Amino acid sequence: MAELNKVSVDDLKVTGKRVLVRVDFNVPMKDGVITNDNRIQAALPTINKLTSEGAKVILCSHLGKPKNGPEEKFSLKAAAARLGELVSAKVTFVPSDVVVDDTVKAAVDKMQNGEIIVLENTRFRKEETKNIESFSKDLASIADAFVMDAFGSAHRAHCSTVGVTEFVKETAVGYLMQKEIKFLGNAVENPVRPFVAILGGAKVADKLNVISNLLEKCDTLIIGGGMAYTFFKALGYNIGKSLLEEDKMEYALEMIKKAEEKGVKFLLPIDTVVAKDFGAGKPHHTVERPLDDPSKPFISDDEEGFDIGEKTRALYAEALKDAKTVVWNGPMGVFEIPDYAEGTKAVAEALANIDATTIIGGGDSAAAVNQMGYGDKMSHISTGGGASLEFLEGKALPGVEAVQDK
């Protein structure tokens, strides 16, 4: 898996050709302003490579989840403007509610080598998410070659990620896709050991197959976040008002058993930060988990757990000390609230201080690591939350599969 046998952007001869690139410009916005341009920055190596070689570069992406066709707040206009500030090439945004129309085709026809056009949000077309041929053909009609560089959307079989490849002769993966697959692929298929996986976040359900797949591969599995309480309850502990997925308790026990059978160290929090009321500045304290007897008092009925405690932070940092490969997906607590950000911060700090390949699997963990100022200390921060999870599950990604093999 790690050695990607796909045609790369390096294999294409692009001078004078119209190259349609599926990028991931699904950036966070507030009141029409981009609050984080990481995904645009991540696309620059591929874009710059193509423009420098004289390609006519046409970029397409989705943004958000428009429900009823075109919505102004989901326009890619701001992303195109930001891109214009980051590259030396000429960038033109061509607005069109149907994404590809005669105006767009005329603009493409007028393009000079090395110029960039940004199309409107692909999800303004209802056909996009259903992978309906008519829209795939529209996208293909303005392209001589197609480059897939949107890892964050590679787990979706949409017109702009998969459908279009059926109607464009030359297809390739871009640099970002190659980097994502190299890091995530090597981590899972060919890790330098010890290999430690850290899983957090709210729900066991989201990570069912990931836990199971990683137990086949890793040496230590660390659990944190809201999903830990389902494991506690399954083991017989009282978890008060904490998050619980009752239908996943049996699965939690199965995973603990599987870890035992595989000889994988399975770490659950040994203390947890609890409060009666949720919110910033509300009284909170730490309770220890009675490891010798689950029937002893743990979290009281009127309290809820929101973060891993100090002893767990030390335990997890110790478990990470000698690791050589680490994959982390999902925060250790409700990190958006400073009172409950300490666990996530401690793990980020531990990763920043070890000599290992550290891979952050997109989504909330990526946001947390960047927000806490440890982003540049990680080997790789994935741009795809859902895509990196599916990759860690061992699933094939449609957006990768659709690109032609070497």
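The values are calculated or read from the model by the stated rules, or taken from the named source; none is laboratory data. Quantities reported herein were computed from a predicted structural model and do not represent experimental measurements. Neighbour counts run over all protein chains shown; Cβ positions are idealised from the backbone, glycine included. For the accessible areas, the whole protein counts, side chains as well, though only heavy atoms, and no ligand, DNA or RNA atoms are used. Shrake-Rupley method; radii C 1.70, N 1.55, O 1.52, S 1.80 Å.
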> Checking Lys217 against (1) touching a residue at least 60 places away in the same chain (Cβ under 8 Å); (2) outside any helix (DSSP H, G or I), which test does it fail?
Replying inline: (1)
> Out of curiosity, is Asp109 open to solvent by 30 Å² or more (accessible area, probe 1.4 Å), of a type in the set (Asp, Glu) and at pLDDT below 95?
Replying inline: no
>> All but one of (1) under 20 Å from Leu63 (Cα atoms); (2) out of contact with any Pro (no Cβ under 6 Å at 6 or more places or on another chain); (3) of a type in the set (Asp, Glu) hold for Asp109; state the number of the condition that does not hold.
In response: (1)
>> Regarding segment 241-250, can at least one residue be identified that is under 28 Å from Ala317 (Cβ atoms), out of contact with any helix residue (DSSP H, G or I) (no Cβ under 7 Å at 6 or more places or on another chain), free of Cβ contacts under 8 Å to residues at least 24 places away in the same chain and not hydrophobic (A, V, I, L, M, F, W, C)?
In response: no
>> Being touching a helix residue (DSSP H, G or I) at 6+ places or on another chain (Cβ under 9 Å), open to solvent by 20 Å² or more (accessible area, probe 1.4 Å) and either among the hydrophobic types (A, V, I, L, M, F, W, C) or outside any loop (DSSP other than H, G, I, E, B) (or both) is the filter here; which residues of segment 51-71 pass it?
In response: Lys56
> Regarding Arg39, is this residue assigned to a helix (DSSP H, G or I) and modelled with pLDDT under 95?
Replying inline: yes
>> Looking at segment 164-171, can you tell me whether even one residue there is among the aliphatic types (A, V, I, L, M) and either at pLDDT below 95 or over 18 Å from Val27 (Cβ atoms) (or both)?
In response: yes
>> Which condition from (1) open to solvent by 50 Å² or more (accessible area, probe 1.4 Å); (2) in contact (Cβ under 8 Å) with a residue 60 or more places away in the chain; (3) basic (Lys, Arg) is the one that Lys207 breaks?
In response: (1)
>> Looking only at segment 221-254, how many residues end up being under 28 Å from Asp322 (Cα atoms) and crowded, with 21+ Cβ neighbours inside 10 Å?
In response: 12
